[in-house]
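S.K.: Submitted below is the structure of interest, expressed as structure tokens.
The values are calculated or read from the model by the stated rules, or taken from the named source; none is laboratory data. Note that the structure is a prediction, hence the values are computed from the model and not measured. Here the Cβ positions follow ideal geometry from the backbone for every residue, glycine too, while neighbour counts run over all protein chains shown.
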Ligand SMILES: *Cc1c(COP(=O)(O)O)cnc(C)c1O
């Protein structure tokens, strides 16, 4: 099969680089009995994905690609993306802190969030971070808080209400979505046009139609509607008021095999087909891709602690479960993951294939990352790899059962050699206790002293 030009990887290189990396990680002691779970980031893969994105938009005159921080909220990964030339999309005070610590220029940071506090708005405006208001009420707050000479680019998020994709929870442009100003609601267009007419500093329209499960034509239809609104605002104001369109992220990722599909080139083609003027340079363009830049550039490896049989089902109990693959265990049909089997030495397993469940360590019956999956028969001490987990997996930890956040390593291939750099150490049980109130251990015994007059 001919690979699309912006897919800088082949099926063979994806699979063999994971195998080389697992083997080297075992040799280097990063995986094993005392280190039963880790995440791995393909550093060159991330750079190649950014290069593919740039290449696809090469004909768009003025474009700022930002990385959606929530897809991999780790400072060294964000710094890698900054070094590769992206900006950063953030959606909370915590993500803004990470983006600043990673070294992004505030002018290349975009703050989106449906619940910005006055304090967060004030801080973003002081820094010159771009901000997209999620509602007209938020615009009123900005009116009150905006300092003289504010450097922030200011926009408003609209919901084009074009409908959802195959995963309800990933569809941000349904009729009743909580995000943005609902564009098709009665009177909304007029209110938006008026909001721009009254505020000379309001220059950007933003939309994020949806993510995994949303087909490209649906995303394109939503963004074409945003373009039409920009033209209507400009016509009403009588000059070019809207200077940039922030198109959001949401390119779906193929979790079925190593092929990158759809590609950024297909995304650009879909947008151009829906609205030929959308990317012609009259508006500066901002993108906010998350999953598509990192998902296929990361994997999770976990030790098989035990195997057992239950009711005729083989179950491998591993250390990767809902704490790192939360969506997969809670919504297994929407978020299936490929799993590969490796022996204790990190070489691919060649045992006969049997159907088995790959379960996690949580005390929760749904904690199964792959159900009834045909895989080489797993045994105690083996390793499993959960593929394509570079986005939203090891950086969106669920602290159920007080399981530690796993170590994350970046890796670089140099021929047959793999070098590792630690991105984040595994959390220790001491740290878990500390963030669970250790310093206030007596709070409920002595913390009320003198208040109740007992
Ligand atoms: C999550 C999010 C993104 C990134 O979405 P992906 O599907 O990871 O590309 C972009 N913009 C906004 C506003 C988001 O909430």
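S.K.: If I go through region 248-273 residue by residue, how many of them are in contact with a helix residue (DSSP H, G or I) (Cβ under 9 Å, 6 or more places away or on another chain) and either assigned to a helix (DSSP H, G or I) or farther than 22 Å from residue 168 by Cβ (or both)?
M.R.: Final tally of qualifying residues: 15.
S.K.: Which of the residues spanning region 62-76 are away from the ligand (no atom under 14 Å from the Cβ) and more than 15 Å from residue 247 (Cα to Cα)?
M.R.: Those that are away from the ligand (no atom under 14 Å from the Cβ) and more than 15 Å from residue 247 (Cα to Cα): 74, 75, 76.
S.K.: Follow-up. Mind listing just one residue for me: the one in region 148-180 that is more than 14 Å from the ligand (Cβ to nearest atom) and not in a loop (DSSP other than H, G, I, E, B) and, of those, surrounded by the fewest Cβ atoms within 10 Å (Cβ to Cβ)? Walk me through it before giving the result.
M.R.: First pass over region 148-180, keeping only residues more than 14 Å from the ligand (Cβ to nearest atom): 148-154, 161-163, 168, 174-176.
When the remaining residues are screened for being not in a loop (DSSP other than H, G, I, E, B), the result is 154, 168.
On the way: 154: 19, 168: 11.
So the residue we want is 168.
S.K.: Also: Using the structure shown, decide if residue 400 is touching a helix residue (DSSP H, G or I) at 6+ places or on another chain (Cβ under 7 Å) and either within 16 Å of the ligand (Cβ to nearest atom) or not assigned by TED's automatic domain parsing to the domain that holds residue 72 (or both).
M.R.: When the stated conditions are applied, residue 400 does not pass them.
S.K.: Then there's this: Scan 235, 207 and give me the residue that is touching a residue at least 40 places away in the same chain (Cβ under 8 Å) and either away from the ligand (no atom under 13 Å from the Cβ) or crowded, with 16+ Cβ neighbours inside 10 Å (or both).
M.R.: 207 is the lone residue from the list that is touching a residue at least 40 places away in the same chain (Cβ under 8 Å) and either away from the ligand (no atom under 13 Å from the Cβ) or crowded, with 16+ Cβ neighbours inside 10 Å (or both).
S.K.: So if I check each of 80, 96, which one is surrounded by 20 or more Cβ atoms within 10 Å (Cβ to Cβ), modelled with pLDDT of 95 or more and more than 16 Å from the ligand (Cβ to nearest atom)?
M.R.: 80
S.K.: Of all residues in region 369-388, which are under 15 Å from residue 331 (Cα atoms) and touching a residue at least 40 places away in the same chain (Cβ under 8 Å)?
M.R.: Within region 369-388, just 369 meets the criteria.
S.K.: If we scan region 298-308, do we find a residue that is within 16 Å of the ligand (Cβ to nearest atom), in contact (Cβ under 8 Å) with a residue 12 or more places away in the chain and buried (at least 20 other Cβ atoms within 10 Å of the Cβ)?
M.R.: yes
S.K.: With within 15 Å of the ligand (Cβ to nearest atom) and either assigned by TED's automatic domain parsing to the domain that holds residue 211 or within 23 Å of residue 112 (Cβ to Cβ) (or both) as the only criterion, which of 246, 258 stands out? Before you say what the answer is, go through the steps one by one.
M.R.: On the way: 258 fails: within 15 Å of the ligand (Cβ to nearest atom).
Result: 246 is the single residue among 246, 258 that is within 15 Å of the ligand (Cβ to nearest atom) and either assigned by TED's automatic domain parsing to the domain that holds residue 211 or within 23 Å of residue 112 (Cβ to Cβ) (or both).
S.K.: May I ask you to say which residue of 162, 181 is in contact with a helix residue (DSSP H, G or I) (Cβ under 7 Å, 6 or more places away or on another chain), farther than 14 Å from residue 203 by Cβ and without any contact (Cβ under 8 Å) to a residue 60 or more places away in the chain?
M.R.: One residue alone meets the criteria, 181.
S.K.: Among what's in region 105-119 and is surrounded by 17 or more Cβ atoms within 10 Å (Cβ to Cβ) and more than 20 Å from residue 81 (Cα to Cα), pick the residue that is nearest to the ligand (Cβ to nearest atom).
M.R.: As a first pass, look at region 105-119 and keep what is surrounded by 17 or more Cβ atoms within 10 Å (Cβ to Cβ): 106, 108-113, 116.
Add one more test, that the residue is more than 20 Å from residue 81 (Cα to Cα), and what stays is 113, 116.
Values: 113: 8, 116: 12 Å.
For region 105-119, the residue satisfying everything is 113.
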